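Colleague: Below you will find the structure I want to go over with you.
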Amino acid sequence: MVPEASCVDLTQAVQRVFRDARQSAGLRDETLEAGDWLQIAAEVRACFESAVAAELQEHNAERMRSLRLPDELWAEVWSHLPMRSVVSVSHVCHMWRLLALASPPLWAVLEVFDHRHGAVCHCQSCWAVSLGAIYCKGCRSRALAIGNTSTELARLLLPRSNSSPLSLTLHIDRNEAEDETQTIAELLAPHHQRIVHINWRSGRKHKSTAGFLRHFDALPALRTLSSINTIVEFSRKIHLPSLRQLQVLGTPYTAGYDFSTGRLEFPSVTRLGYTMPIAWRDYLSSTLATVPNLQTLDVYGSPLFEDPVDVDYRDVTKLAAGIEDVQIDCVSKNMYRIAMALYTPQRRTFAVELADAPSSGFHHIFGDLRDDIQLSVVRERNIPTHQYSYLYDTSSKYINLDGVDSHGRRRRISQHPEEDGIEAVWDHLSPPTLSALRIDVTLIPVVIGTVSEYPALHELTLNVDSLAVTSVPCFPALRVLRATVAADTQDLAPSIPAEFLASFIVKARIEGGVLAELVLENIKLGGDLDALRPLVRRGVPD
């Protein structure tokens with residue numbers, strides 16, 4: 001509502017306009033007609049509306065400033081977008097364009113690609129090279145059309161990144177792309193001290209990585225060098241003092257490596273991803289020699305790997321002596337010797353994913369676990385999806401066996417065939433050292449039913465995949481029982497009979513006959529609770 005005093009002032013102002021118009025006409029000896037009065041009224045109305053509009057605009061601008069997200073928050077959100085999306089954001093409106101161009105970190109994550117596939121291709125590279133034009137909503141004119149390469153776009157964006165650390169994704173697919181590789185290297189050369197991450201994405205195996213890296217004597221800030229479907233290799237020595245992670249296939253040396261520049265050495269690398277070549281050559285030894293301070297080794301095996309009988313793996317064992325964590329995926333029967341060459345009881349972590357290797361050859365690794373052991377024995381619900389997944393029989397059942405002790409040592413066997421005598425693990429693992437266990441109900445008779453008593457077990461987690469348990473070992477020290485559903489159960493909160501848990505607690509022969517605590521995870525109790533309540537000291541959860 002408008003205050004009464006303001007209404008009076010407005011009325012007097014309008015009357016003054018008409019009075020002044022009458023006096024002005026009298027001085028000119030003119031007479032104002034009806035049309036003149038209507039024109040004066042229209043001008044007064046227009047003046048009033050303009051004043052109101054100006055006030056509303058100022059009010060709305062102030063209100064928008066108080067309600068809109070801070071510029072810093074917008075910039076943080078955009079920093080998680082890929083380059084092509086940031087470019088699109090910068091063409092939405094004038095305000096966003098100014099904000100984007102004034103935020104150097106947005107232009108420090110660059111995708112550089114050398115060509116587009118066919119028009120019907122929808123691979124990740126081709127989406128990055130979208131041929132659709134980007135329009136500015138402010139002027140409705142074509143603002144940007146990305147073509148078949150992004151080299152020129154990257155050239156324009158690099159100065160925008162200012163001094164921010166650069167993260168690069170490089171799509172270089174063509175075998176004949178040497179000129180383009182050199183162009184990209186020359187483009188990045190003035191900024192080489194800012195490159196912290198390089199990710200290669202390619203559909204073909206070629207020498208573009210070596211061809212690119214040979215243009216640099218050093219990349220002082222580079223921390224990670226990774227690839228997808230591309231061989232990461234070097235044709236000459238390069239200084240990478242900050243490199244933390246490296247991923248190679250077989251060897252980081254090219255066939256024509258220039259040894260006159262010196263051998264490769266990356267003392268700062270702490271994690272290595274190593275893909276086994278099909279034919280054995282002394283690649284693993286030469287690769288481990290380049291990373292003397294390695295802490296974590298991830299080995300990706302191959303069922304096609306050929307292991308000559310006369311090969312001596314003592315060099316591998318010696319070079320890997322200081323590694324703390326070793327994980328070997330897709331272990332075939334031909335890889336058993338090399339897996340054992342990488343194994344020592346002193347390792348903090350030793351984990352294997354079996355392909356067609358005999359599981360009995362790895363049970364002994366659990367003998368390294370000592371005190372206060374926590375063990376998980378559950379069925380694998382997801383068969384591996386890597387290129388050798390055909391080795392896994394989908395009709396068979398596989399078990400994941402995972403143990404950790406109080407000293408931080410971890411041992412794991414993934415994809416263990418259920419019918420391969422998993423109970424033999426107790427030949428190496430001492431039942432009195434087991435303090436916590438997670439297990440599927442159906443695996444109780446198969447895995448732990450062969451031992452009559454677990455005297456130190458105080459926490460037990462049951463994946464209730466069955467309600468039929470005929471025999472239960474003795475758990476005299478059991479204090480906490482957790483009941484949950486199997487990982488592949490679709491029901492969000494299935495119900496199990498309270499009588500099932502009551503029967504299990506009785507069969508466990510707990511000292512004193514009473515459980516300290518019962519925990520239900522994504523599960524509900526049904527049936528009569530009267531038989532269960534006296535068996536749980538802290539009460540039955542709702």
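Colleague: How about Lys524: which aspartates and glutamates have a C-alpha closer than 18 Å to its C-alpha, ignoring those fewer than 8 places off in the same chain?
Modeller: In chain and number order, the partners are Asp440, Asp465, Asp488, Asp491, Glu499, Asp542.
Colleague: Please work out the C-alpha center-to-center distance from region 523-542 to region 1-24 and express it in whole Å.
Modeller: For region 523-542 versus region 1-24, the Cα centre distance is 82 Å.
Colleague: Quick one: dipole size for region 440-542, taken about the Cα centre, charges +1 on Lys/Arg Cβ and -1 on Asp/Glu Cβ, in debye to the nearest 20.
Modeller: Using only the charged Cβ atoms, the result is roughly 320 debye.
Colleague: Sort His171, His215 so that the residue with the fewest other Cβ atoms within 10 Å of its own Cβ comes first and the one with the most comes last.
Modeller: Fewest-to-most ranking of His171, His215: His215, His171.
Colleague: Continuing with this model, one more query. Want the number for Cys93 to Glu453: 0.36 nm per residue separation, take away the alpha-carbon distance, what's left?
Modeller: Extending this stretch completely gives an extra 122.5 nm.
Colleague: For region 282-383, just say rounded, prolate or oblate: build the C-alpha gyration tensor, square-root its eigenvalues into a ≥ b ≥ c, call rounded for a/c under 1.5, and beyond that prolate if a/b exceeds b/c, oblate if not.
Modeller: Oblate shape, in that a/c is at least 1.5 and b/c is the bigger or equal ratio.
Colleague: Across bins of 5 angstrom width beginning at 0, how are the C-alpha pair distances of region 440-542 distributed, in whole percent?
Modeller: 2, 12, 25, 27, 20, 10, 3, 0
Colleague: Take the cross-link list Lys318/Lys397; Lys397/Lys507; Lys333/Lys507 and give me the ones stretching past 32 Å between alpha-carbons.
Modeller: Checking Cα-Cα distances, Lys318/Lys397; Lys333/Lys507 exceed 32 Å.
Colleague: On to the next question. If I take R0 = 35 Å and measure r between the Cβ atoms of Leu101 and Ala51 in this structure, what FRET efficiency does the formula 1/(1 + (r/R0)^6) give, to the nearest 0.05?
Modeller: After rounding to 0.05, the efficiency reads 0.45.
Colleague: Net charge near Gly301: determine it from the other residues with C-beta under 15 Å of the C-beta of Gly301, scoring Lys and Arg +1 and Asp and Glu -1.
Modeller: Details: positive: Lys333, Arg337; negative: Asp298, Glu306, Asp307, Asp329, Glu353, Asp356.
Combined, the nearby Lys, Arg, Asp and Glu give -4.
Colleague: Using 1/(1 + (r/R0)^6) with R0 = 56 angstrom and r between the beta carbons of Asp420 and Arg533, what's the FRET efficiency to the nearest 0.05?
Modeller: 0.85
Colleague: Another one. So what's the net charge close to Ala468: Lys and Arg +1, Asp and Glu -1, counting the other residues with Cβ under 15 Å from its Cβ? Working shown, then result.
Modeller: On the way: positive: Lys507; negative: Asp440, Asp465, Glu499.
Around Ala468, the charge tally is -2.
Colleague: Under the definition of Cα pairs under 8 Å and six or more residues apart, what whole-number percent is the relative contact order of region 440-542?
Modeller: 26 percent
Colleague: Another question, if that's okay. Just want the ordering: His59, His239, from fewest to most Cβ atoms lying within 10 Å of their own Cβ.
Modeller: The most exposed by this proxy come first: His59, His239.
Colleague: Using 0.36 nm per residue, how much length does the chain from Arg28 to Lys333 gain when fully extended, once their Cα-Cα distance is taken away?
Modeller: Length gained between Arg28 and Lys333: 98.4 nm.
Colleague: Tally Lys and Arg at +1 and Asp and Glu at -1 over the other residues with C-beta under 15 Å from the C-beta of Val514: what net charge comes out?
Modeller: Residues near Val514 contribute +4 overall.
All of the numbers you see were taken from the coordinates with simple rules; none came from a lab. Everything numeric in this text was worked out from a predicted model, so none of it was measured. Please note: Cβ atoms are built from the backbone with ideal geometry, for glycine as well, and neighbour counts cover all protein chains shown.
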